[in-house]
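In what follows, a single structure is set out as structure tokens and then discussed.
The values are calculated or read from the model by the stated rules, or taken from the named source; none is laboratory data. As the structure is a prediction and not an experimental result, all values here were calculated from the model. All Cβ positions, even for glycine, are placed from backbone atoms using ideal geometry, and neighbour counts span all protein chains on display. To get the accessible areas, we keep the full protein, side chains included, count just its heavy atoms, and leave off ligands, DNA and RNA. Shrake-Rupley method; radii C 1.70, N 1.55, O 1.52, S 1.80 Å.
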Amino acid sequence: MKGIAPLLLGIFATFAFSWVGLILIPNYQIGHLEPQVDEEGNDPYPAPKSGMANRGRQIYAANGCVYCHSQQVRGDYAASDLERARDQGPSPKPKWGERRSAPRDYLFERPVLLGKMRLGPDLANIGKSAPVEQEAAAGGSPVPSGSPSPAPASAGSPAPGGSPANPAAATAASGSPSPPAGTAASPSGSPVPTGNAAVTGAQPQSNGLPPQYSAAWHHRHLYSPRSFVLESNMPAYRFLYEKRRIGGERAADALQLGPADGVQEGWEVVPSYDARCLVAYLMSLDQSHALQELKATGAAPAPAKAGGSPAPAPKEAK
Amino acid sequence: MNPANLPLRKPPTESDVTIRDVEQVERALIDASTRLPVLFFYASAIVWLLLGTLLAGLTSFKLHAPDLLSNISFLTWGRVRPAHMNVMVYGWASMAGIGTAIWLMARLCRTTLRHPLLLICGAAFWNLGVLLGVGGILAGESTGYEWLEFPPYATVVLFVAYSLVVSWAILMFRFRRGDHIYITQWYLLGAFLWFPWVYGATQIMLFAVPLQGVMQEAVTWWYSNNLLFLWFGAIGLGTAYYMIPKVIGRPVYSYHLAAIGFWTYAFFASWTGMQRLVDGPFPAWMVTASIAATIFSIIPVATVGLNHHMTMRRYFGLLRYSPTLRFTVFGAISYTVFSLVGVLISLRSVARYLHFTQASIAYSHLGLYAFFTMVMFGSMYYIVPRLVGREWRYATLIKVHFWTSTYGIGLMTLMLFAAGLAEGGALDNASMTFVDSLNYVPMYLRGRSLSGLLLTISHFVFAFHFGLMLLGLGRTASVPTFLNPKEEEAIEAQL
């Protein structure tokens, strides 16, 4: 090859071509989405997360949770994610998701933690899996200082909360636990429980363990993963917790631990602020809100008009 | 010191002896001028390799012994794993690649290395950048974007380091002698220019002017695939295009085939990446475009593979003697395997089972280790003796290095693919509980830890041998160290 000009030009052209094709055009298509609102302009989804949950996302990223846990549910044409129920929980067990994930679900996520590996279960809807009483208790309790409530507060709107509003979503949700009632106090439809409120507000199971996927459950699971699932290979995150001698009265937010967790009498384990943020983030993960682009025939996950090549249609459209 | 003498070559005829002597002196001068910067890059790379190996071992063992060291925040699995990846990608692979690229550039531009201080500063800043970045990850400041976990302050330092290196490369190219641009130089020039564009564009789109929502994930995958193909892939292929013909002493089989291979490679490889987002929350056409590009990348793989094969034809017997050739050819073959596996796992019907499993780890290791790292080892076995004026001390150590690496990476790939298949099939069966679907995985992960032990032996043996060379304890001899005693007649028969 003679002459440097064609070589340099070609090198630049290949880079530019791939950047335009794989980044610029997709960004034009799905990079400028807005939260979805209903006909009256209420019930925006998604809503920005609370300050604690946002900090929790950083903790999640910094400690590498994303290398084992995905946060995306694939459509039923591609995988069996939608049929899969969680291992634990009251019967019927909560599903991984009631619909597939769409770009709009991640509007306010930074970083986006979609994940590429499943050594642990998918977490896209882990907050949604929390028991109903839990949500009512957390949603109804006053938000403690230090965790600001979501920004677009259309408080007082008759938002139907987490209950699916349209028939299409309702069919997709069939077989799932009944949608939580009493979440209307939360403007986004996804309750924003915090670590504190949840620990105290939960109803324990009959065997004394915290209810599955409640905040108290998450704290104990992070502190001692194998106390729930013997085969789990999740590392314990004890460095996020403080183990201390009980001085006077047991702290209100101390973990509900069992004898197998290696904590002696007279000691208690309390979550650090980071741990409470992390759990607040987990509790905020909820993609159950119905999306317009996913309910109709052959809609692409993006609000692309018919011009683009549509994604394979969801099953109910066939 | 007789640096460029290739004893496996045909003996020169009387008439060209003087020309060859002049060429040899010229090469010796060029080699001497590259000594400090290249050795600095190599030595740093090998130190990072050892650190990365230890981190890898910890990562692997923690997967089946989750309580191991888990109470120390900076040694929790989720921090050690990205630390391992980034040490290997930016510490070992990039620094080894730059070292080799510098030497090849100087040789092929046929000019002594100017401004070595620029490069030494570049290497020092690069080390600082990686150190800051890994420290940041372990301290819990990871950004959360895969392969881009370094916190922004480390990225800035890396970028300064990189600008020093690339400005040197352009100066070098500017002062080259002769009009002809050799195949290796296409790839190296491409790598030197693609990397800063891709890296810079990605940093801007993630941190300076962050894109919205899932587009960040698209940028991350676009980056990591372009890094794999246009940075590591280009340096690795360029090196193989130099080493294979050089060691066996024949020209590349077809120049035109090489040109087709280069341009189709640049064109198709740069469009891959989105296949790793299969069925995620993205427009389906993005994923499909990348799957198509992956399939089309069979064209460059076939042309490059054919070219190497035809160059090597009737010379495969030399693999018995030359360490460089053995490592490089292993890497070149792995490149074909890596690409074909890449095509296979990108197909939607296969991705249904292998997506979200260990198979993607196997795929990255095929690319970064079986292909790139092995080619880099090969080039080091060729280049280091020419820099220090000594030959490798022990043929046995080279053999141990080669076989532990080969068996190590082979075992690792097999174990991870087996784990991926077992896990993928079970994950698709929704009636199984999640914990049950992972039942068989720890068994394979233990096998993977075993392969890690082999690789650890391999790397420490190599580092020891390299240390001997640095200390000037190599052999003083006029012939390179062969893996097996040279049987004169056999080689004559080959030629």
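So here's what we get for this one:
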| quantity | calculated |
| --- | --- |
| Accessible area of chain B belonging to carbon and sulfur atoms, whole % at 1.4 Å probe | 69 |
| R0 of 30 Å, Cβ-Cβ distance B:TYR394-B:LEU306: FRET efficiency to nearest 0.05 | 0.25 |
| Å² of accessible area per residue within the stretch B:355-418, as computed with a 1.4 Å probe and no ligands counted | 25 |
| Residue-normalised accessible area of the stretch A:68-129, given per residue in Å² at a 1.4 Å probe | 24 |
| Buried on assembly, the stretch A:230-278 (at least 20 Å² less accessible surface than by itself, 1.4 Å probe) | A:GLU231, A:ASN233, A:PRO235, A:ALA236, A:ARG238, A:PHE239 |
| Occluded residues from the stretch A:6-26, i.e. those whose accessible area drops by 50 Å² or more once the chain is not alone (1.4 Å probe) | A:LEU7, A:ILE11, A:THR14, A:PHE15, A:PHE17, A:SER18, A:LEU22, A:ILE23 |
| B:PHE464-B:ARG314 FRET efficiency (beta carbon distance; Förster radius 35 Å; 0.05 resolution) | 0.45 |
| Cut-off 14 Å between beta-carbons: net charge of the residues surrounding B:ARG107, Lys and Arg +1, Asp and Glu -1 | +4 |
| Contact surface A-B: accessible area buried, both sides summed, square angstrom, 1.4 angstrom probe | 7300 |
| Accessible area expressed per residue, the stretch B:139-206, with surrounding protein chains retained (probe 1.4 Å, Å²) | 32 |
| Helix-derived mean residue ellipticity, 222 nm - over chain B, DSSP H n ≥ 4, -39500 (n - 2.57), to 500 | -23000 deg cm²/dmol |
| Degrees separating the helix B:94-109 axis from the principal Cα axis of chain B, which is the longest one | 30 |
| Within-9-Å neighbourhood charge of A:ALA85 [Cβ basis; K, R +1; D, E -1] | +2 |
| Karplus 3J(HN,Hα) series, Hz, for the stretch B:441-455 with 6.51 cos²θ - 1.76 cosθ + 1.60 (x for Gly, Pro) | 5, x, 4, 5, 5, 5, x, 5, 4, 4, 4, x, 4, 4, 5 |
| Table column - 3J(HN,Hα) (Hz), the stretch B:417-425, Karplus curve with 6.51, -1.76, 1.60, x for Gly and Pro | 5, 4, 4, x, 5, 4, 5, x, x |
| For the stretch B:347-370 and the stretch B:391-453, distance of Cα centres in Å | 12 |
| Estimated vicinal HN-Hα couplings, Hz - the stretch B:54-64 in sequence order (Karplus 6.51, -1.76, 1.60; Gly, Pro = x) | 5, 5, 4, x, 5, 4, 5, 5, 4, 5, 10 |
| Which listed pairs, of A:LYS95/B:LYS62; A:LYS128/A:LYS243; A:LYS95/A:LYS128, have C-alpha distances above 19 Å, in listed order | A:LYS95/B:LYS62; A:LYS128/A:LYS243 |
| Net charge over other residues, Cβ less than 12 angstrom from the Cβ of B:GLY133 (K, R count +1; D, E count -1) | -2 |
| Residue mean of other protein chain beta carbons inside 10 Å, B:71-78 | 6 |
| Degrees, to the nearest 10: B:183-203 long Cα axis against longest axis of chain B | 30 |
| Simple spin-label estimate for B:ILE295 and B:LEU131 in nanometres, 7 Å along Cα-Cβ | 5.0 |
